[in-house]
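Everything below concerns the one structure shown next.
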Amino acid sequence: MKNLDYLPQNYDSIKVVDSWDALLSEPFDDASCILFPRTLSGDFNALARAVSMQRKGYRKDIPQNLGAEHRLLMEDIERVRAHLIAIGVSAYEPSLRIENRARWSSFSSVDTWHVDGCKNPEFGRLLCNYNAPTTQWLRQQDVTYASLSMRANERFNKKMFAKTYSFEPGDIWRQRSASSPVSEHMQDRDKLFVHRRPPEVKLRHRNDPPRMLMVAG
């Protein structure tokens with residue numbers, strides 16, 4: 001397992017596992033996130049560019065020199081899809097999200113600190129950033145909560161001087177999410193995974209590769 005010096009020390013709200021099986025089946029218990037650390041080899045920036053140029057999905061017309069990266073991506077998606085079918089939530093199969101300059105406005109709500117809603121809170125939501133910049137997140141004790149009368153994505157704020165954390169490209173994690181749609185009266189809100197899209201996405205040069213991530217659940 002790779003060095004995890006990018007995680008806060010003695011922080012029990014992140015469960016670290018060492019296999020796909022554990023990632024997909026481990027119960028959250030009191031944790032907000034289950035992390036399977038993984039180091040990728042290959043040019044996933046180039047793969048993100050190739051996928052972003054396709055108009056119909058991500059299965060065809062991948063350059064031959066990116067075959068290994070594409071196979072890994074497809075294996076990830078098929079593995080997660082098979083698990084979701086097995087637990088009866090196949091309607092919410094994994095999808096590949098490409099975030100580039102043309103699609104910023106499509107996901108504007110994820111620029112704020114927020115929690116995700118999902119149809120199966122027991123499983124939560126699974127994500128993987130295949131290239132940088134990766135999702136940012138906060139420790140539970142570093143979050144303040146705004147008025148419950150506000151919209152869900154506006155209830156979460158970072159405490160002053162608190163540190164912002166990120167996973168690394170290739171890491172796969174399941175995050176504890178609220179039932180969907182996100183309720184005004186969320187249960188166990190102190191256990192939900194508060195995160196956002198990194199703000200530097202909007203500062204990138206137009207020639208930089210898009211941000212490529214898998215989302216499931």
Condition met for S177 (farther than 26 Å from L23 by Cα and modelled with pLDDT under 95)
no
Give the residue that is surrounded by the fewest Cβ atoms within 10 Å (Cβ to Cβ), with candidates limited to residues of the range 1-22 that are charged (D, E, K, R) and in contact with a strand residue (DSSP E or B) (Cβ under 9 Å, 6 or more places away or on another chain).
D18
Which residue, of G124, G117, is surrounded by 13 or more Cβ atoms within 10 Å (Cβ to Cβ) and at pLDDT 90 or above?
G124
Please enumerate the residues belonging to the range 131-171 that are open to solvent by 20 Å² or more (accessible area, probe 1.4 Å), at pLDDT 80 or above, outside any strand (DSSP E or B) and polar (S, T, N, Q).
Q140, Q141, T164
Mind checking whether some residue in the range 195-206 is modelled with pLDDT of 90 or more and either at positive phi or not charged (D, E, K, R) (or both)?
yes
Do you know which residues across the range 23-82 are in a loop (DSSP other than H, G, I, E, B), β-branched (V, I, T) and surrounded by 12 or more Cβ atoms within 10 Å (Cβ to Cβ)?
I62
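The values are calculated or read from the model by the stated rules, or taken from the named source; none is laboratory data. Keep in mind it's a predicted model, so treat the numbers as computed, not measured. Because the Cβ atoms are built from the backbone with ideal geometry, glycine has one as well, and the counts that use them run over all protein chains shown. For accessibility, only protein heavy atoms count, side chains too; no ligands or nucleic acids. Shrake-Rupley method; radii C 1.70, N 1.55, O 1.52, S 1.80 Å.
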